[in-house]
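A.B. asks: I'd like to ask you about the structure that follows.
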């Protein structure tokens with residue numbers, strides 16, 4: 001089964017390439033914004049003066065490799081204290097849902113996100129890394145929100161720079 005999954009994943013990369021888009025703003029800001037699968041929202045925010053209040057903004061499409069990367073990045077950047085989750089969650093994979101469950105519940109002994117209903121919420125990060133992530137940041141759940149005015153209010157509330 002793994003061979004088929006790997007081949008399917010490689011085929012998807014060719015047919016439906018996903019740009020690894022991350023935009024950096026104010027390096028002193030303790031706030032990161034994750035727009036989940038809402039690429040238009042990501043670019044819209046990245047092209048505003050909101051970036052003066054945001055350390056970085058990026059997207060999250062998968063409940064495994066994407067979350068692994070996000071957690072590793074966050075714990076390697078001690079100044080990050082808050083992650084605002086907004087935009088539409090990827091249908092089927094629901095990485096936003098999985099990230100919230102990771103934050104609330106952690107992982108089991110097989111590194112599966114406890115409480116996730118995603119199809120493959122198995123991570124490569126360790127329980128120690130999950131604990132660091134849980135202690136370091138606060139997640140602000142605005143999943144589903146795509147209105148930039150509403151998101152601006154959440155950013156203003158989260159960060160006073």
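Rule-based calculations on the coordinates, nothing more; no lab input. Since this is a predicted model, take the numbers as computed values, not measurements. Neighbour counts are summed over all protein chains in view; Cβ atoms, including those assigned to glycine, are modelled from backbone coordinates with ideal geometry.
A.B. asks: Nearest 0.05, what FRET efficiency do residue 131 and residue 44 give at R0 = 35 Å with Cβ-Cβ as r?
C.D. replies: Details: r = 34 Å, r/R0 = 0.98.
The calculated FRET efficiency here is 0.55.
A.B. asks: Treat each spin label as a single point 7 Å out from the Cα along the C-beta direction, and report the residue 105 to residue 79 distance in nm.
C.D. replies: Inter-label distance under the simple model: 3.5 nm.
A.B. asks: Let me ask something else about it. Compute the Cα gyration tensor for the range 33-84, then decide on rounded, prolate or oblate, letting a ≥ b ≥ c be the square roots of its eigenvalues: rounded whenever a/c is under 1.5, prolate when a/b is larger than b/c in the other cases, and oblate in all that remain.
C.D. replies: It is oblate, given that a/c is not under 1.5 and a/b is not larger than b/c.
A.B. asks: Taking the Cα atoms only, what angle lies between the long axis of helix 2-15 and the longest principal axis of the chain, rounded to 10 degrees?
C.D. replies: Computed tilt is about 40 degrees.
A.B. asks: Classify the chain from the C-alpha gyration tensor, please: rounded if a/c falls under 1.5, else prolate or oblate depending on whether a/b exceeds b/c. Don't skip to the end; give the middle numbers.
C.D. replies: Details: a/c = 1.90, a/b = 1.33, b/c = 1.43.
Taking the square roots of the gyration eigenvalues as a ≥ b ≥ c, the chain is oblate.
A.B. asks: Expressed as an acute angle from 0 to 90° and rounded to the nearest 10, what is the orientation of the C-alpha long axis of helix 127-136 relative to the principal long axis of the chain?
C.D. replies: For 127-136 against the chain, the angle is about 10 degrees.
A.B. asks: Determine the calculated [θ] at 222 nm for the chain from helices alone, applying -39500 (n - 2.57) to every DSSP H run no shorter than 4 residues and normalising by the residue count; nearest 500 deg cm²/dmol.
C.D. replies: -12500 deg cm²/dmol
A.B. asks: Apply the a/c threshold of 1.5 to the C-alpha gyration tensor of the range 109-161 and tell me whether it is rounded, prolate or oblate.
C.D. replies: Because a/c hits 1.5 or more and a/b fails to exceed b/c, the range 109-161 counts as oblate.
A.B. asks: With a point put 7 Å past each Cα toward its Cβ, work out how far residue 28 is from residue 157 in nm, to one decimal.
C.D. replies: Rounded to a tenth, the inter-label distance reads 2.5 nm.
A.B. asks: Also: What full-extension length gain, to one decimal in nm, is calculated for residue 117 and residue 69 as 0.36 nm per residue of separation minus the Cα-Cα distance?
C.D. replies: Roughly 15.3 nm would be gained on extension.
A.B. asks: Using a Gaussian network model on the chain with a 10 Å cutoff between Cα atoms, which of 98, 76, 118 fluctuates the most?
C.D. replies: 76
A.B. asks: In whole Å, how far is the Cα centre of the range 63-113 from that of the range 128-148?
C.D. replies: First find each Cα centre; the distance between them is then 7 Å.
A.B. asks: If we sort 79-90, 127-138 on the protection proxy, mean other Cβ atoms within 10 Å, highest first, what's the order?
C.D. replies: 79-90, 127-138
A.B. asks: Using a 10 angstrom cutoff on alpha carbons, build the Gaussian network for the chain and name the most mobile of 37, 29, 69.
C.D. replies: Maximum fluctuation in the GNM of the chain, among the listed residues, is at 69.
A.B. asks: May I pose another question? Need one number: nm distance between label points at residue 148 and residue 52, each 7 Å from Cα along Cα→Cβ, rounded to one decimal.
C.D. replies: With each label point 7 Å from Cα toward Cβ, the separation is 1.6 nm.
A.B. asks: What's the angle, to the nearest 10 degrees (0 to 90), between helix 148-158's Cα axis and the longest principal axis of the chain?
C.D. replies: 80
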